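Here's the structure, in structure tokens; my notes come after.
FYI, it's all coordinate maths here, none of it is from the lab. From a predicted model like this one, the values you see are computed outputs, not experimental measurements. Note that we place each Cβ from the backbone using ideal geometry, even for glycine, and neighbour counts take in every protein chain shown.
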Amino acid sequence: MTEPVIVRFAPSPTGYLHIGGARTAIFNYLYARKTGGKFILRIEDTDLERSTEKAIDGILDGLKWLGLDWDEGPNFQSNSIDAHRETADRLLKSGHAYKCFCTKEELDAKREKAREQKKTYQYDRMCRHLSPEEIGEKEAAGIPFTIRFRVPEGAGAVRFNDVVYGPIKKQYADLDDFVIVRSNGQPLYVLSNAVDDMRDGITHVIRGQDGLANTPKQVLIYLALNVPIPRFAHMSLTLDPRKAKISKRRHGEAVAIHFYRERGFLPWALVNFLVLLGWSPGDSREYFTKPELIQAFSLEGISKTNSVFNIRKDDPRFFTDPKAINTNAHYLRTLPVQEILPAVREQLEKTGLWDPAWEKEDARWFSNTVDLIRARFHTTVDFVELGRAYFSDRFPTDSKALEKNILKHDVLKKWLPEMAHRISEIPDFTRPSIESVLEEVLKEMGVKPGVLMNAVRTAVTGQPKGPEFFDFLLAIGQREVVRRLRQAAQWFKNV
Ligand code: GLU
């Protein structure tokens, strides 16, 4: 029997959850679900100065919103600092680590000298061979020390097989005797991360490519402790169109998960888009349900080649990678309407347009209307902007449409109020009765149907395009249609 898979997402809570972090979480989540394994959430909060409560909340919210439920955690790394220190002590005892009494000033001076001589700096291992007496004396004198890992000497190399990058070899000679515990007793990330992975029985470390620099050191730690080494799968980078690495520092809010939520993304659309950055199912499928994606996922499908995330900021409506927008539009238009209602409601609430009746007596109207108008929309923000006329009697009118469909046609001065009047007289506001009013008026007016129909649409919805003619009239309702047609007639007077 093969061992059960245990993976983890281990963010450092120094900022909001961003595209890169979410992508790592998604890959871990999918691998756990695919294999029937366990997905642990670990918050690596040992950098107390940079970790914040707000960031922790943001990460948890983001993961929940994306639907990436974890099986264990959140475990906070700061709770296991003692275990990290104990591990360092064990490494000291077994001779795999040693105390280094060099001061910061001494080390800085040596680093500076190396720079002047244009050499790569490496610690000169001054303290590596101190005798027990020398160590005792220094300790007795109260000289602070760091703990360094004793990298093996000689011509050998650390080797491991990365699932994505293949065999990796790092010569011992190219590795510094790295610090594992600071002089103030604080363990370093490279140690804490490995010790927690050991404790949790992590079988696969799936993380960003930037973790690759630490991996040889962590492999040495595992070997020294004589414990199984997890498999590593490092994910290639995500670059912006200028081929710079995507980062919070460089791209700010534009890469934050909450930003996508605010801008009208559906969580599953974002997951679906992100998973295809650096992973492929091996065929040309672009859209997956959750079970399909879990089924299709494999570590072998992770690409070595960096992916490009075409962030664009020039257009507020299409503010991100066009592929992301298209994916969102796809789900917005094709998911069962019930599944998108919460996200639409969130936008309506945020903008003060939500009416509690749409949850109760008018719930059917609400879901029918969302279904009716979503066909042209890209994000849920479109419901409160392009679709505002369906949810509010205060809505903007597209100025080009107003000019072209209404003001240009003098004949409408008379006929818009007349149309309003005749619609107000309809006893039952149904499709056939509106249809007969329309036919009657068209005959009397003697214009092409488009002239009247475009004018009515623009007056009633503010938009030149939208759902089928009778559908939008029925969705907006008789009273409001009449009021808006009358109001539109006023526009002639104001120009
Ligand atoms: N806390 C590390 C980070 O956020 C985790 C790296 C890892 O997954 O090992 O980069």
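In the chain, a dipole from Cβ-located charges (positive for Lys and Arg, negative for Asp and Glu) runs towards its positive end, and of Phe429, Gly136, Thr305 it is Thr305 whose Cα lies farthest in that direction.
Here the simple spin-label model places points 7 Å from the Cα toward Cβ, and for Glu435 and Lys138 these points are separated by 9.3 nm. The alpha-carbon atoms of the range 1-130 define a convex hull whose volume equals 195 cubic angstrom per residue. Put simply, when 387-393, 124-130 are sorted by average Cβ atoms within 10 angstrom per residue, most first, you get 387-393, 124-130. In whole angstrom, the chain maps to an equivalent ellipsoid with semi-axes of 65, 22, 19, each derived as √(5λ) from the alpha carbon gyration tensor and ordered largest first.
To two decimal places, what compactness ratio does the range 297-430 give when its Cα radius of gyration is scaled by 2.2 N^0.38 Å?
Details: Rg = 20.3 Å, N = 134, 2.2 N^0.38 = 14.1 Å.
After normalising by residue count via 2.2 N^0.38 Å, the value is 1.44.
In units of the rule-of-thumb radius 2.2 N^0.38 Å, the range 160-256 shows an alpha carbon radius of gyration of 1.24. Simple rule: put +1 on each Lys or Arg Cβ and -1 on each Asp or Glu Cβ in the chain, find the dipole, and look at Pro11, Gly36, Pro167; the Cα lying farthest toward the positive end is Pro167. For the range 380-410, the residues whose backbone nitrogen is under 19 Å from a point 7 Å from the Cα of Arg486, taken along Cα to Cβ, are 392-395.
From largest to smallest, the equivalent ellipsoid semi-axes obtained for the range 377-469 from the alpha-carbon gyration tensor read 24, 17, 11 Å. The magnitude of the dipole of the chain, with charges of +1 and -1 set on the Cβ of Lys/Arg and Asp/Glu and taken from the Cα centre, is near 1400 debye. Convex hull of alpha carbon positions in the range 269-344: directionally averaged projected area 6.0 nm².
The packing ranking of peptides 346-358, 9-21, highest mean first, is 9-21, 346-358, where packing means the average number of other beta carbon atoms within 10 angstrom of each residue.
If we sort 134-146, 183-195 on the protection proxy, mean other Cβ atoms within 10 Å, highest first, what's the order? Intermediate results must be reported in sequence, preceding the final value.
Values: 134-146: 13.2, 183-195: 20.0.
The most tightly packed comes first, giving 183-195, 134-146.
How large is Rg/Rh for the range 437-493, to two decimals, with Cα atoms and a Kirkwood Rh?
On the way: Rg = 11.2 Å, Rh = 11.8 Å.
Here the Rg-to-Rh quotient is 0.95.
Here the calculated FRET efficiency for Glu361 and Glu339, from their Cβ-Cβ distance with R0 = 25 Å, stands at 0.70, rounded to the nearest 0.05. Go ahead and run the numbers for FRET between Asp210 and Gln295, Cβ-Cβ distance against an R0 of 25 Å, rounding to 0.05. Taking R0 as 25 Å, the efficiency between Asp210 and Gln295 is 0.25.
Compactness ratio for the range 1-72: Cα radius of gyration over 2.2 N^0.38 Å (N = residue count) comes to 1.14. Legend: calculated FRET efficiency, Leu130 to Glu468, from the Cβ-Cβ distance at R0 = 60 Å, rounded to 0.05, equals 0.10.
Rg over Rh for the range 94-212 works out to 1.00, both radii taken from alpha-carbon positions and Rh defined as the Kirkwood radius. Checking the cross-link pairs Lys64/Lys323; Lys54/Lys217; Lys245/Lys313; Lys110/Lys217; Lys413/Lys443; Lys113/Lys245 against a 26 Å limit on the alpha carbon distance flags Lys54/Lys217; Lys113/Lys245 as lying beyond it.
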